[in-house]
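K.L.:
Questions regarding the structure given below will be posed in turn.
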Amino acid sequence: MTPAKWARIWGERLPRVPLELVQVTAAEAPGSIRGAEVEAALLRLPIDRTGLHAIPLYVEQSVVVVPKDHLITAADEVTVDDLADELVLHPLDDVLEWDRPPGRVIAERPVRTGEAIELVAMGTGVLVVPQSLARLHHRKDLTYRPVVGVPESQVALSWPEESASELVEQLIGIVRGRTVNSSRGTAPAEPQKTAPRKDGAGQNDGGGRKDGAGRKGAAGRKDGGAGKGAAAPRKGAAGPRKGAKAGSARGKKRRR
């Protein structure tokens, strides 16, 4: 599963509630939640969980990014020993938990992973990153291979500790694979049945409420906007109640 796929499922289940995806760095993600810039975020563990909930979702495979004509591309996967003689880049925003990468680490460290990718394309060295970052910085002249024996990155969904809105619960259900009909999914509540009164009062010809109006269902905010990240307007009220059966009032019996 990827954020794009979760966003697609969100759109199918809540078509009137927009979900805005905002890209932030791994280091910025916790602060973005605490600062209310986003309502939830996918981030990499470990983090300082003060004031935050976090649900671990999956562990991401680490890969080595190399030029397409590199010898490493002859293998389906590589080991730490395969990288022993390689010049390896170590950006300052590295998200993998290790003291230093394998191989011959280049002393001058790029500030960001994107800069390190450009150096790989120039033939300066190779780079070990989580697979999603290799995909994010994809280039036609580069490829990657899985690396075994190196740290991997655990991805989690996080949101503020004091905020657990119904829409955040909807997002949690989507990323955890709940179906729309699960007990904590997005299925609407069943309409309440209204029993007919014996004298038939308060009914119109077609049944239902005289004003013909229930509350609008699943309406978003008037401006149609959603909070950044995994957030959206409040869920609307339930739909109209089911009316009583038509023709429930009986006429008087005829005398013979």
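Bear in mind these aren't lab numbers, they're just calculated from the coordinates by the rules spelled out. From a predicted model like this one, the values you see are computed outputs, not experimental measurements. So basically every Cβ, Gly included, is an ideal-geometry build from the backbone, and we count neighbours across all protein chains shown.
K.L.:
Where does the charge balance sit around Lys68 when Lys and Arg score +1, Asp and Glu -1, over other residues with C-beta under 12 Å from its C-beta?
P.N.:
Values: positive: Arg139, Lys140, Arg145; negative: Asp69, Asp141.
Summing Lys and Arg as +1 and Asp and Glu as -1 gives +1.
K.L.:
Going by a ≥ b ≥ c, the root eigenvalues of the Cα gyration tensor, does region 55-151 fall in the rounded group (a/c under 1.5), the prolate group (a/b larger than b/c) or the oblate group?
P.N.:
Rounded is the answer for region 55-151, as its axis ratio a/c remains below 1.5.
K.L.:
So what's the net charge close to Gly125: Lys and Arg +1, Asp and Glu -1, counting the other residues with Cβ under 13 Å from its Cβ?
P.N.:
Result for the neighbourhood of Gly125: -3.
K.L.:
Please state the charge dipole magnitude for region 62-151, taken about the Cα centre, from unit charges on C-beta atoms (+1 on K and R, -1 on D and E), reported in debye and rounded to the nearest 20.
P.N.:
Charge dipole of region 62-151: 300 debye, to the nearest 20.
K.L.:
Could you tally the net charge around Arg109, taking each other residue with its Cβ under 15 Å from the Cβ of Arg109, Lys/Arg +1 and Asp/Glu -1?
P.N.:
With Lys, Arg at +1 and Asp, Glu at -1, the neighbours total -3.
K.L.:
Looking only at region 62-151, where both bridge partners belong to it, what percent of the DSSP beta bridges are antiparallel (to the nearest 5)?
P.N.:
Expressed as a percentage, antiparallel bridges in region 62-151 total about 60.
K.L.:
How do the peptides 23-35, 120-132 rank, highest first, by the average count of neighbouring beta carbon atoms within 10 Å per residue?
P.N.:
Descending mean neighbour count gives 120-132, 23-35.
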